[in-house]
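The values are calculated or read from the model by the stated rules, or taken from the named source; none is laboratory data. Here the structure is a predicted model, which is why all the values come from computation and not from measurement. In this analysis, Cβ positions are derived from the backbone assuming ideal geometry, glycine residues included, and neighbour counts consider all displayed protein chains.
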Ligand SMILES: Nc1nc2c(c(=O)[nH]1)N[C@H]1C(S)=C(S)[C@@H](COP(=O)(O)OP(=O)(O)OC[C@H]3O[C@@H](n4cnc5c(=O)[nH]c(N)nc54)[C@H](O)[C@@H]3O)O[C@H]1N2
Ligand SMILES: Nc1nc2c(c(=O)[nH]1)N[C@H]1C(S)=C(S)[C@@H](COP(=O)(O)OP(=O)(O)OC[C@H]3O[C@@H](n4cnc5c(=O)[nH]c(N)nc54)[C@H](O)[C@@H]3O)O[C@H]1N2
Ligand code: SF4
Ligand SMILES: [Mo]
């Protein structure tokens, strides 16, 4: 290898199941190649197409090079400014607001998951350093299910996805790994090579569904009833082990009478759209222990999402599948290993009367508009493109009018930067150090700085350090964020003795040798011990009741009140990560974003043909699209890609659960209804 060719370890930091390990080749300071890191035991040397496109991403001519100021806001009149001008502008506004209101509460941030690296929590840390401030909490995707599992089990440390190879049957329930978790196929296919059957439950005939031995096309939001019907069938067949159930599950009596009295197989088949034969097929799989059930996020995007997850989880528990390696519930696995001091650092003694006003990410704009004493005046947006991806966009427009300074940190221009006063250019993962864990697999990896930042881009941590320094130069001790600490200082701090022990390494430098897998606590994992009030799996949860939710696991029917007839589904796309990667020519998805997919019958009723220009509308907004007739789509459903202008049609609904674990309910994105008519 020539002297000027170097290999670095990186990690793809997207909000994606996979968190892939990358090997980056750098020649004369330029990233020339990325490939999967074979030392990463889960991703095993592979990336997805988005990952392989990083060399285009890093050097895209569309990348932001310098801090930019837009005046007047929304005019498109951008002016390049220096970092010191930008930081001065922000610091002087923060200090003015502080002097006016007596605290930093008028300053707030809204951040989501553009980059989920631990050091990207520098944004939260920077605001923590200001003492009182306004912040964000909650989660769009998994809040409902996390709560559901909490009520059932008291914890969500579940199966390691690598164990799926040992399953004899695999049920993919509301998850589409052919698009959203491509490397899991390695484990699914290895199980299938040994004879495992694959069953997919989805209202859409997805590429994942196409791989199934059995596909059940379910009506949206009715999965809870399907789970109940399967249990009813198993009970009628005498296939549920009474002794086991009495010993390990709490609330059986009430649940059993619910099954007997309120669940009918024929009615369940009508409501779910799954034929009786499909209910029986599914039940048979649960008897082929170990049966693996992967509950995805698709079925949580409804007002009954949490209760649905409870119901499916009960099916898993009642059929004893989790006791066999490979069986049981696969959902998410957040490692609770790192102290995340960058956002939780200890504040100096003497700082008191601190108020943190926290707003729900799903209703951020409405809640921000309602704030008084003081109102929100400065908003910092990072790792989030709310004007494309959030709900309630009309409230966002209103909020932006009220704000005196909008700062967006991003790598590219998008719907949100278009409305900002200042845009600060962020670094790519190749230009900064970071530490990465996954919410799915169990591998931890170091992300190395492989190249110098592109033009004047800076990492979110660097920006936090720089702004803190400017603030403190103006007003000593204005912020307590430890701005002298470097990225490597923070990383060393995360690797506590306990973390080093769990990773079986001696120091952070050992991570330079490659990613490490967490030692799993096999004893608790295999026993699946429950940390609930009763110490058992709870079919009946007092905690849920206290939160004014149904105590009993059961099907929660959705009450549909919308006057619009078509339910709008807006799933994830293979070559995009939400609103990211749109500008890359290597990942061009052609006309897909301009389409609305309709079932032939729904199209005919509206006298619509393939490629007709239409308006998709409801009381919230309207979008122009072209018709794509999809014969595999059930009636009453339309499909559009998410983001761009689609999200203005969302109804802004919340899921039933989420408060317990995420502090707020999740987003019921798919409880949105529209009509389609010819333009
Ligand atoms: N390529 C790519 N990968 C991604 C992402 C991306 O944007 N692009 N996003 C990442 C993020 S942030 C997330 S949250 C995950 C989400 O990844 P997944 O967990 O796979 O969830 P979704 O893609 O939202 O939905 C999965 C499937 O659920 C189906 N579904 C919708 N409603 C229902 C229902 O009522 N019942 C059932 N049974 N199924 C239903 C949808 O049609 C979809 O096919 O993906 C991550 N991975
Ligand atoms: N209609 C509809 N809407 C949805 C969904 C749906 O199913 N349907 N799914 C939802 C889901 S599951 C999710 S998770 C959300 C995702 O919502 P967002 O988090 O907004 O999604 P992204 O578009 O991935 O990323 C946000 C921005 O972060 C920027 N970014 C990337 N890296 C960095 C960095 O290092 N620093 C900074 N400062 N910025 C960076 C990206 O360029 C991008 O502009 O969308 C939700 N929206
Ligand atoms: S987007 Fe997901 S699958 Fe693709 S490279 Fe990144 S982490 Fe891997
Ligand atoms: Mo998500």
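From the list 83, 78, the lone residue that is at pLDDT 95 or above, over 29 Å from residue 131 (Cβ atoms) and in the same structural domain as residue 478 (by TED's automatic domain parsing) is 78.
So for the range 425-434 (the condition being out of contact with any strand residue (DSSP E or B) (no Cβ under 9 Å at 6 or more places or on another chain), surrounded by fewer than 21 Cβ atoms within 10 Å (Cβ to Cβ) and part of a helix (DSSP H, G or I)), does at least one residue qualify? No: the range 425-434 contains no residue that is out of contact with any strand residue (DSSP E or B) (no Cβ under 9 Å at 6 or more places or on another chain), surrounded by fewer than 21 Cβ atoms within 10 Å (Cβ to Cβ) and part of a helix (DSSP H, G or I). So is residue 120 farther than 26 Å from residue 329 by Cβ and within 16 Å of ligand 1 (Cβ to nearest atom) or not? Yes: the conditions hold for residue 120.
When the test is whether a residue is part of a loop (DSSP other than H, G, I, E, B), touching a helix residue (DSSP H, G or I) at 6+ places or on another chain (Cβ under 7 Å), outside the structural domain of residue 125 (by TED's automatic domain parsing) and touching a residue at least 12 places away in the same chain (Cβ under 8 Å), residue 306 does not pass it. Across the range 188-205, not a single residue is classified as within 16 Å of ligand 4 (Cβ to nearest atom) and touching a strand residue (DSSP E or B) at 6+ places or on another chain (Cβ under 9 Å).
Taking into account only those residues within the range 507-532 that are part of a loop (DSSP other than H, G, I, E, B) and out of contact with any strand residue (DSSP E or B) (no Cβ under 8 Å at 6 or more places or on another chain), which is modelled with the lowest pLDDT?
Initially, the range 507-532 is screened for residues part of a loop (DSSP other than H, G, I, E, B), giving 507, 514-515, 518-521, 528-532.
After this cut, where a residue has to be out of contact with any strand residue (DSSP E or B) (no Cβ under 8 Å at 6 or more places or on another chain) as well, the list is 507, 519-521, 529, 531.
Working: 507: 96, 519: 85, 520: 68, 521: 60, 529: 73, 531: 88.
If we take residues in the range 507-532 being part of a loop (DSSP other than H, G, I, E, B) and out of contact with any strand residue (DSSP E or B) (no Cβ under 8 Å at 6 or more places or on another chain), then 521 is modelled with the lowest pLDDT.
For residue 586, the conditions (1) outside any loop (DSSP other than H, G, I, E, B); (2) in contact with a strand residue (DSSP E or B) (Cβ under 9 Å, 6 or more places away or on another chain) all hold with the exception of (2). State yes or no: is residue 293 crowded, with 19+ Cβ neighbours inside 10 Å and free of Cβ contacts under 8 Å to residues at least 60 places away in the same chain? No; evaluated as a whole, the condition is false for this residue.
Is it the case that some residue within the range 652-665 is free of Cβ contacts under 8 Å to residues at least 24 places away in the same chain and touching a strand residue (DSSP E or B) at 6+ places or on another chain (Cβ under 6 Å)? No, the range 652-665 contains no residue that is free of Cβ contacts under 8 Å to residues at least 24 places away in the same chain and touching a strand residue (DSSP E or B) at 6+ places or on another chain (Cβ under 6 Å).
Using the structure shown, decide if residue 647 is buried (at least 17 other Cβ atoms within 10 Å of the Cβ), away from ligand 2 (no atom under 13 Å from the Cβ) and not assigned by TED's automatic domain parsing to the domain that holds residue 382.
Working: buried (at least 17 other Cβ atoms within 10 Å of the Cβ): yes; away from ligand 2 (no atom under 13 Å from the Cβ): no; not assigned by TED's automatic domain parsing to the domain that holds residue 382: yes.
When the stated conditions are applied, residue 647 does not pass them.
Against the numbered list (1) buried (at least 20 other Cβ atoms within 10 Å of the Cβ); (2) touching a strand residue (DSSP E or B) at 6+ places or on another chain (Cβ under 6 Å), residue 581 comes up short only at (2).
I'm checking my understanding of the structure. Among residues of the range 455-469 that are over 22 Å from residue 354 (Cα atoms) and surrounded by 17 or more Cβ atoms within 10 Å (Cβ to Cβ), which one is nearest to ligand 2 (Cβ to nearest atom)? Outline the logic, then answer.
Going through the range 455-469, the residues over 22 Å from residue 354 (Cα atoms) turn out to be 455-463, 466.
Now drop any that are not surrounded by 17 or more Cβ atoms within 10 Å (Cβ to Cβ), which leaves 457-463, 466.
Numbers: 457: 10, 458: 10, 459: 7, 460: 5, 461: 10, 462: 11, 463: 8, 466: 14 Å.
By that ranking, first place goes to 460.
Residue 222 - would you say it is within 16 Å of ligand 3 (Cβ to nearest atom) and surrounded by 21 or more Cβ atoms within 10 Å (Cβ to Cβ)? Considered against the rule, which asks whether it is within 16 Å of ligand 3 (Cβ to nearest atom) and surrounded by 21 or more Cβ atoms within 10 Å (Cβ to Cβ), residue 222 comes out as no.
Does residue 495 meet the test of being assigned by TED's automatic domain parsing to the domain that holds residue 102, at pLDDT 95 or above, under 29 Å from the mean Cα position of the chain (by Cα) and within 25 Å of residue 44 (Cβ to Cβ)? Walk me through how you get there before you give the answer.
Numbers: assigned by TED's automatic domain parsing to the domain that holds residue 102: yes; at pLDDT 95 or above: yes; under 29 Å from the mean Cα position of the chain (by Cα): yes; within 25 Å of residue 44 (Cβ to Cβ): yes.
Taking the combined requirement at face value, the residue satisfies it.
Checking each residue in the range 136-161 for being over 30 Å from residue 551 (Cβ atoms) and either in contact with a helix residue (DSSP H, G or I) (Cβ under 6 Å, 6 or more places away or on another chain) or within 16 Å of ligand 3 (Cβ to nearest atom) (or both) picks out 136, 161. Of the numbered criteria (1) surrounded by 17 or more Cβ atoms within 10 Å (Cβ to Cβ); (2) more than 16 Å from ligand 2 (Cβ to nearest atom); (3) within 29 Å of residue 139 (Cα to Cα); (4) touching a residue at least 40 places away in the same chain (Cβ under 8 Å), the one residue 54 fails is (2). Taking residues in the range 585-611 that are at positive phi, and partners anywhere that are modelled with pLDDT of 95 or more and surrounded by fewer than 12 Cβ atoms within 10 Å (Cβ to Cβ), not one pair has Cβ atoms closer than 7 Å while being at least 6 places apart or on different chains.
Condition check ((1) in contact with a helix residue (DSSP H, G or I) (Cβ under 7 Å, 6 or more places away or on another chain); (2) in contact (Cβ under 8 Å) with a residue 60 or more places away in the chain; (3) over 30 Å from residue 336 (Cα atoms)) across all residues:
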site	(1), (2), (3)
412	no, yes, yes
415	yes, yes, yes
429	no, yes, no
443	no, yes, no
446	yes, yes, no
470	yes, yes, yes
480	no, yes, no
493	yes, yes, no
498	no, yes, no
